[in-house]
Amino acid sequence: MRDAVTNLIKNYDVTGRYLDLNAIDTLKSYFETGTARVTAAAVINANAASIVKQAGAQLFEEVPELIRAGGNAYTTRRYAACLRDMDYYLRYASYALVAGDTNVLDERVLQGLRETYNSLGVPIGPTVRGIQIMKDIVKEQVAAAGVDNAAFVDQPFDHMTRDLSEQDI
Ligand SMILES: CCC1=C(C)/C(=C/C2=NC(=C\c3[nH]c(/C=C4\NC(=O)[C@H](C)[C@H]4CC)c(C)c3CCC(=O)O)/C(CCC(=O)O)=C2C)NC1=O
């Protein structure tokens, strides 16, 4: 698992370079957004259950077939599995926000996920939508917590949806 700093150091170490101006700029921007990242993690931690619940409700309102007979989230067991997955995405997004790097998502969440979903018939499109709904809720709450530019919140959520949406060649 890597964060923004260890990732940068690794890249420079590979080629035996000192940290140049580009590296310093990257580090500066990471540390400048540090407080905001920590605030975002705190906001997610304090509201995780309600964020998942609200996002799930909105998703099932937008795509009601999911919870009708024959839908992938139909039956209590699968409904619960769906919300549990949403909770995984939210929790790992909070880790990635603090790390300033999406590597934790690649290693812990995304590896083999599409194959698992395909074999269980879990539809990718609505999953992507669920992740995007959580992103919007989190962004709103982070802004409400006084963070001026909450755009950095997009990164882990967009990374997960991009990876999930990729087509096999
Ligand atoms: C931390 C990393 C991690 C992830 C991401 C993860 C996902 C994950 N989701 C699963 C199932 C599932 N995932 C869903 C999710 C949904 N169905 C829908 O219609 C919606 C679109 C969506 C919710 C938004 C459902 C319903 C199942 C159960 C499918 C089944 O057993 O038939 C499974 C199969 C095993 C199980 O049921 O637990 C895995 C591995 N597991 C992990 O350890």
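The values are calculated or read from the model by the stated rules, or taken from the named source; none is laboratory data. None of the values given here were measured: they were computed from a predicted structure. We place every Cβ from the backbone using ideal geometry, glycine too, and count neighbours over all the protein chains shown. Remember, those area values only see protein heavy atoms, side chains included, never the ligands or the DNA or RNA. Shrake-Rupley method; radii C 1.70, N 1.55, O 1.52, S 1.80 Å.
Some notes on this structure:
- Of all residues making up segment 64-87, the number that are exposed (fewer than 15 other Cβ atoms within 10 Å of the Cβ) and under 17 Å from the mean Cα position of the chain (by Cα): 1
- Taken over segment 152-168, the criterion of being part of a helix (DSSP H, G or I) and either under 22 Å from G112 (Cβ atoms) or open to solvent by 50 Å² or more (accessible area, probe 1.4 Å) (or both) is satisfied by Q155, P156, F157, D158, H159, M160, T161, R162, D163, L164, S165.
- Scanning segment 110-123 for residues that are open to solvent by 30 Å² or more (accessible area, probe 1.4 Å) and closer than 26 Å to N45 by Cα returns a single hit, Q111.
- Within segment 131-151, considering residues that are part of a helix (DSSP H, G or I) and small (G, A, S), the one surrounded by the fewest Cβ atoms within 10 Å (Cβ to Cβ): A144
- Check on N72, in contact with a Pro (Cβ under 8 Å, 6 or more places away or on another chain) and either more than 25 Å from S94 (Cβ to Cβ) or within 16 Å of the ligand (Cβ to nearest atom) (or both): yes
- The condition of being in contact (Cβ under 8 Å) with a residue 12 or more places away in the chain and under 25 Å from N45 (Cα atoms) holds for only one of D136, D106, that being D106.
- Any hit, segment 50-63, residues being away from the ligand (no atom under 11 Å from the Cβ), among the aliphatic types (A, V, I, L, M) and at negative phi: yes
- Filtered by the rule that a residue be near the ligand (Cβ under 10 Å from one of its atoms) and crowded, with 18+ Cβ neighbours inside 10 Å, segment 89-109 gives Y89, Y92, L105, V109.
- If you go through segment 47-70 and pick out every residue that is basic (K, R) and touching a residue at least 40 places away in the same chain (Cβ under 8 Å), you end up with 0.
- Checking each residue in segment 102-133 for being of a type in the set (S, T, Y) and within 23 Å of R37 (Cα to Cα) picks out only T102.
- Some residue of segment 12-22 being part of a helix (DSSP H, G or I) and either touching a Phe, Trp or Tyr at 6+ places or on another chain (Cβ under 7 Å) or under 18 Å from D154 (Cα atoms) (or both): no
- Screening I44 with (1) in contact with a Ser or Thr (Cβ under 6 Å, 6 or more places away or on another chain); (2) without any contact (Cβ under 8 Å) to a residue 24 or more places away in the chain; (3) of a type in the set (V, I, T) gives one miss only, at (2).
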